[in-house]
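Data first, discussion second: the structure below is written as structure tokens.
The values are calculated or read from the model by the stated rules, or taken from the named source; none is laboratory data. A quick note: this is a predicted structure, and the numbers were derived from the prediction, not measured. Positions of Cβ are generated from backbone atoms using ideal geometry, with glycine treated the same way; all protein chains shown enter the neighbour counts. With ligands, DNA and RNA removed, areas are computed over all heavy atoms of the protein, side chains included. Shrake-Rupley method; radii C 1.70, N 1.55, O 1.52, S 1.80 Å.
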Amino acid sequence: MRIVRDVAAVRAAVASSGRVGLVPTMGAFHEGHLSLIRAARASCDLVVVWLFVNPTQFNEAADLVAYPRDEDRDARLAEACGADILFAPAVEAVYPPGFATTVTVSGVADVLEGALRPGHFAGVATVVAKMLNMVRPDIAFFGAKDAQQVAVVRRLVADLDIPTRIEVLPIVREEDGLAMSSRNVRLDPHERRRATALHRGLVAAQSAVAAGERDPGLLARAVADVLADAGIEAEYVAVVDPDSFLPVETLDRPTLIALAARVGSTRLIDNIEVAP
Ligand code: AMP
């Protein structure tokens, strides 16, 4: 595996390489990231892992400062999963002096995470547009963990005619159900136990759907009740269409239940798909 830092090097590497797969990440790899790299390896001729802690998508300065970084470890793990190239540009290579363009997606990027984290999706959309232009992959692999990000990226790729297929892989969880996240390391042992309520709440709602419940309000309440038992108040529990992220009125098609909550000072997100 090669580590490259600049666009010219990555473009040279991907030239005439057959099918190119790109795995966008901010590093601090866990099994969620590795599942994406393995999926790319299984279906592509050349696997590029993008490692860039994108400052413009952090709406809290403290979150950016505290974000875990360990490029050597990430490089070893990416290589073990079959990556060919680790593309890890410096901030100045992505945002050189004079950089003045922002990509904003409306609608799906305005609600939930978009409303609570001002500027977040503009940062995501801009860096994803740049990254897809730099690498020009045939397929880009994303995790269902960041479901709204997936919807924003799909919108962006369709609207800007970017010729990359977006592939989405399931959420990888710890044994007790907690969705893997680079931010989980910030949970102390007590918070770590309480954090299992996020997935338990989503599963409770899924069971309610299986038992015939179709009322989004009652499903959101079922999630919130499990969170409350663990002393967690959600920032939102939303029952939404997976493409538009608009609330559904009744559960008559595949629907996403998405939530965000702080456990201690750590902000976590999770979601589950439910179908009538
Ligand atoms: P991040 O490094 O957090 O920006 O995540 C990079 C990619 O990994 C994104 O597409 C995430 O959705 C995905 N990802 C993060 N956590 C998980 C997880 N637990 N399961 C599956 N994919 C994940």
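At-a-glance table
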{"item": "Selected residue [farther than 25 Å from residue 39 by Cβ, open to solvent by 20 Å² or more (accessible area, probe 1.4 Å), acidic (Asp, Glu) and in the same structural domain as residue 160 (by TED's automatic domain parsing)] from 92, 71, 79", "result": "92"}
{"item": "Matching residues, region 45-66, being acidic (Asp, Glu), modelled with pLDDT under 95 and more than 13 Å from the ligand (Cβ to nearest atom)", "result": "60"}
{"item": "Residue ID - nearest to the ligand (Cβ to nearest atom), chosen from residues in region 146-160 that are touching a residue at least 24 places away in the same chain (Cβ under 8 Å), assigned to a helix (DSSP H, G or I) and open to solvent by 30 Å² or more (accessible area, probe 1.4 Å)", "result": "146"}
{"item": "Residue within region 161-172 that is of a type in the set (Asp, Glu) and near the ligand (Cβ under 9 Å from one of its atoms) present", "result": "no"}
{"item": "Residue under evaluation residue 23, criteria (1) away from the ligand (no atom under 12 Å from the Cβ); (2) modelled with pLDDT of 95 or more; (3) not in a helix (DSSP H, G or I), criterion not met", "result": "(1)"}
{"item": "Conditions (1) surrounded by fewer than 21 Cβ atoms within 10 Å (Cβ to Cβ); (2) in contact (Cβ under 8 Å) with a residue 12 or more places away in the chain; number of the one not met by residue 143", "result": "(1)"}
{"item": "Tally, over region 229-276, of residues that are loosely packed, with under 14 Cβ neighbours inside 10 Å and outside any strand (DSSP E or B)", "result": "14"}
{"item": "First in region 114-138 and at positive phi, second anywhere and assigned to a helix (DSSP H, G or I) and open to solvent by 50 Å² or more (accessible area, probe 1.4 Å), Cβ under 8 Å, 6 or more apart", "result": "119/56; 136/11"}
{"item": "Counted residues, region 243-265 - those being under 22 Å from residue 178 (Cβ atoms) and within 18 Å of the chain's Cα centre (by Cα)", "result": "7"}
{"item": "Filter result for residue 42 (in a helix (DSSP H, G or I), in the same structural domain as residue 82 (by TED's automatic domain parsing), open to solvent by 10 Å² or more (accessible area, probe 1.4 Å) and more than 16 Å from the ligand (Cβ to nearest atom))", "result": "no"}
{"item": "Of all residues in region 185-220 being within 16 Å of the ligand (Cβ to nearest atom), of a type outside the set (Lys, Arg) and surrounded by fewer than 19 Cβ atoms within 10 Å (Cβ to Cβ), the one that is nearest to residue 23 (Cα to Cα)", "result": "185"}
{"item": "Of the criteria (1) more than 15 Å from the ligand (Cβ to nearest atom); (2) closer than 14 Å to residue 77 by Cβ, which one residue 5 fails", "result": "(2)"}
{"item": "Failed item, numbered, when residue 259 is tested on (1) on the phi > 0 side of the Ramachandran plot; (2) touching a residue at least 40 places away in the same chain (Cβ under 8 Å)", "result": "(1)"}
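Per-residue answers, yes or no, for (1) within 21 Å of residue 164 (Cα to Cα); (2) buried (at least 18 other Cβ atoms within 10 Å of the Cβ); (3) among the small types (Gly, Ala, Ser):
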{"site": "14", "(1), (2), (3)": "yes, yes, no"}
{"site": "24", "(1), (2), (3)": "yes, yes, no"}
{"site": "35", "(1), (2), (3)": "yes, yes, yes"}
{"site": "50", "(1), (2), (3)": "yes, yes, no"}
{"site": "59", "(1), (2), (3)": "no, no, no"}
{"site": "64", "(1), (2), (3)": "no, no, no"}
{"site": "83", "(1), (2), (3)": "yes, yes, yes"}
{"site": "109", "(1), (2), (3)": "yes, yes, yes"}
{"site": "113", "(1), (2), (3)": "no, yes, no"}
